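Q: Attaching a single structure in structure tokens format; questions to follow.
The values are calculated or read from the model by the stated rules, or taken from the named source; none is laboratory data. Note that the structure is a prediction, hence the values are computed from the model and not measured. Quick reminder, even Gly has a Cβ in these numbers, built from the backbone with ideal geometry, and neighbours come from all protein chains shown. These area figures cover heavy atoms from the full protein model, side chains too; ligands, DNA and RNA do not enter into them. Shrake-Rupley method; radii C 1.70, N 1.55, O 1.52, S 1.80 Å.
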Amino acid sequence: MKSNFLLLALSMFSFSALAQSDEPVQSTELVSITKLEVGLHGIGVGYEVPFSDKWSINLSAGLGGGYSIDKNSYANGFNSTFILNEPVAYFRSEFKYTYNRDKRATKSKSLLNNAGNYIALQTKYTTARVFENNEWNQLNNPLNRTLLNEVHWGMQRPLGQKFLYSFHLGLGYATDFDFKNSQLYPAAGIQFAYVISKNKRL
């Protein structure tokens with residue numbers, strides 16, 4: 001888990017120099033974005049839609065790593081895997097408040113692709129393995145139906161015209177429906193996305 005945090009921090013600072021776009025600042029209004037996403041959570045499709053100047057919801061679904069909370073295992077609690085270890089399906093909603101776009105505009109920083117810092121409440125549901133064909137895994141490395149709720153602070157930045165990245169840190173609470181266990185966990189994530197289309201808010 002510590003190595004994941006180090007990777008996230010290094011990635012955030014490595015790409016911060018690339019995050020500014022040469023595009024002129026036009027409007028502080030958020031826009032609707034349809035995107036392909038890849039990150040520590042997995043690979044999927046997302047749709048970010050605003051419903052005010054600062055509030056938006058990000059909906060996504062795809063394949064990713066799974067979870068289990070087994071208080072009787074050698075790991076004693078919250079276990080997770082990456083997408084390569086037999087993926088699970090995930091469904092995620094992120095309710096976001098982006099608070100610094102006006103400040104970015106006054107400093108002539110890019111607002112492209114909803115760039116800004118935000119606070120969010122995220123809910124994510126993951127299934128068991130989509131392609132379960134290994135009896136050993138079922139017994140010794142289960143991936144269960146899990147609900148993860150978290151509050152986090154994050155930042156979203158453009159990488160040129162068609163790409164963006166986001167990074168977040170926070171605290172979450174996970175519930176394993178199969179083992180019927182729950183546990184707090186440190187929340188962290190990094191994601192890169194390709195923007196398929198975008199539209200102004202209606």
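Q: Could you order K124, K107, K200 so the one with the most accessible surface comes first? Probe is 1.4 Å.
A: Listed by decreasing accessible area, they come as K200, K107, K124.
Q: Which whole-Hz couplings ³J(HN,Hα) result when phi for each residue of the range 157-174 is put into the Karplus expression 6.51 cos²θ - 1.76 cosθ + 1.60, θ = phi - 60°, listed in order with x for Gly and Pro?
A: The phi angles translate into 9, x, 10, x, 7, 10, 10, 8, 9, 9, 9, 8, 9, x, 9, x, 9, 10 Hz.
Q: Separate question: With contacts defined as alpha carbon pairs under 8 Å and 6 or more residues apart, what's the relative contact order of the range 146-202 in percent?
A: Reported relative contact order: 34 percent.
Q: Another one. Which of rounded, prolate or oblate describes the range 74-133 when judged by the alpha-carbon gyration tensor and an a/c cut-off of 1.5?
A: It is prolate, given that a/c is not under 1.5 and a/b is the larger ratio.
Q: Name the lysines eligible as straight-distance cross-link partners of K96: C-alpha to C-alpha under 19 Å, and not fewer than 8 places from it in the same chain.
A: Counting by Cα, and skipping residues close in sequence, K96 has these lysines nearby: K35, K54, K124, K198, K200.
Q: A further question on this structure: Students often get this wrong: which residues of the range 76-109 have the backbone nitrogen under 18 Å from the point 7 angstrom along Cα-to-C-beta of E132?
A: Under 18 Å, as judged by backbone N against the label point of E132, lie 79-91 of the range 76-109.
Q: Here's a follow-up. How many angstrom separate the Cα center of the range 44-84 from the Cα center of the range 85-132?
A: First find each Cα centre; the distance between them is then 11 Å.
Q: Same structure again: Within the set of other residues whose C-beta is less than 12 Å from the C-beta of D70, count the net charge using Lys and Arg as +1 and Asp and Glu as -1.
A: Net charge in that neighbourhood comes out at 0.
Q: Something else about it: On the full set of protein chains, 1.4 Å probe, figure out the accessible area of K198 and give it in Å² to the nearest 10.
A: 90 Å²
Q: With every protein chain present, what is the per residue accessible area of the range 91-202 (1.4 Å probe, Å²)?
A: 51 Å²
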